[in-house]
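Okay, so here's the structure we're looking at.
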Amino acid sequence: MRLISCTEEAHAGTILAILNDAIVTSTALYDYKPRTPEQMAGWFATKRANGFPVIGAVDDDGRLMGFASYGSFRAFPAYKYTVEHSVYVDAADRGKGLGRTLLEAIVAEAQAREVHVLVGAIDAQNAGSIALHERLGFEHAGTVRQAGFKFGRWLDVAFYQRILATPAEPVDG
C-alpha cells in the first residue's frame, strides 16, 4: 500500500463509489441519495479551488482502497485555520489499518499547511471511528443530539477535534 494525491481524472469514479456505498449502507454520511458524477466534479473543483488535499491509499496494482480529505469547517474568515476532515475506506479494505494511515496522513498534511484545528463530525454510534480518532489524539468537543434523521431514527453527531501547534504566527484578516 502507498499513499498518493488523488486526481479527478484517475480517482473520481472510485471515490464516488466509496462515498455512495457509505451513503446507502451507513450513517457515516448523513445523505439520503447517492451522489452523481456531476456532484463529484463539483467536489473536486472545490478541493482544487481551495487547495484542499485528497490523499488516497492504493494497493500494489494502483487500486484506490480509501481516501482522506478536508475542507472548510465554516464559511467565515475567522475559521481559516480550522478544517473538517473525512476518511473513507472501501468496504472490501476495512480492518487493515488504512483508516489510521489515512488519518495520520491528513493530520500531517494539515500541519504542513499550517492548519490549527482538525474537526471530525462522527455519528455518535460509530465506535470504530471514535476509537480511531481518540487513539490519534483527537478529543471529544461536543455532541449535537438528534442532529440527523436517517434509516428511521434520530442520529447524534459527535465532534472530535485535534489542536495542532501550527501556524507559528496566525494573523487576523
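Some notes on this structure:
- Taking the criterion of being in a loop (DSSP other than H, G, I, E, B) and free of Cβ contacts under 8 Å to residues at least 60 places away in the same chain, the residues of segment 27-47 that qualify are Leu29, Asp31, Lys33, Pro34, Arg35, Thr36.
- Among the residues listed as Leu164, Leu118, Leu155, the single one being aliphatic (A, V, I, L, M), surrounded by 14 or more Cβ atoms within 10 Å (Cβ to Cβ) and under 20 Å from Asn20 (Cα atoms): Leu155
- Residues of segment 72-93 that are within 20 Å of Thr27 (Cβ to Cβ) and either part of a loop (DSSP other than H, G, I, E, B) or not aliphatic (A, V, I, L, M) (or both): Glu84, His85, Ser86, Tyr88, Asp90, Asp93.
- Among the residues of this structure, Gly173 does not count as one that is small (Gly, Ala, Ser) and either free of Cβ contacts under 8 Å to residues at least 40 places away in the same chain or in a strand (DSSP E or B) (or both).
- Flag for Gly62 being farther than 30 Å from Trp154 by Cβ, in a loop (DSSP other than H, G, I, E, B) and either over 15 Å from the mean Cα position of the chain (by Cα) or among the hydrophobic types (A, V, I, L, M, F, W, C) (or both): yes
Condition check ((1) at pLDDT 95 or above; (2) closer than 27 Å to Asp156 by Cα; (3) within 17 Å of the chain's Cα centre (by Cα)) across all residues:
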residue: Glu9; (1), (2), (3): yes, no, no
residue: Thr14; (1), (2), (3): yes, no, yes
residue: Ala17; (1), (2), (3): yes, yes, yes
residue: Lys33; (1), (2), (3): yes, yes, no
residue: Gln39; (1), (2), (3): yes, yes, yes
residue: Trp43; (1), (2), (3): yes, yes, yes
residue: Arg48; (1), (2), (3): yes, no, yes
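- Single match in Ser69, Ser5 (criterion: surrounded by 13 or more Cβ atoms within 10 Å (Cβ to Cβ) and either more than 16 Å from the chain's Cα centre (by Cα) or small (Gly, Ala, Ser) (or both)): Ser69
- Scan segment 94-123 for residues that are closer than 14 Å to Leu3 by Cβ, assigned to a helix (DSSP H, G or I) and out of contact with any Lys or Arg (no Cβ under 8 Å at 6 or more places or on another chain) and the total you get is 11.
Yes/no per residue for (1) among the polar types (S, T, N, Q); (2) surrounded by fewer than 16 Cβ atoms within 10 Å (Cβ to Cβ); (3) touching a Leu at 6+ places or on another chain (Cβ under 6 Å):
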position	(1), (2), (3)
Arg74	no, yes, no
His85	no, no, yes
Gly97	no, yes, no
Ala108	no, yes, no
Ala124	no, no, no
Ala127	no, yes, no
Gly137	no, yes, no
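The values are calculated or read from the model by the stated rules, or taken from the named source; none is laboratory data. Please read all numbers here as calculations on a predicted model, not as lab measurements. Cβ coordinates were reconstructed from backbone atoms using ideal geometry, including for glycine residues, and neighbour counts include every protein chain displayed.
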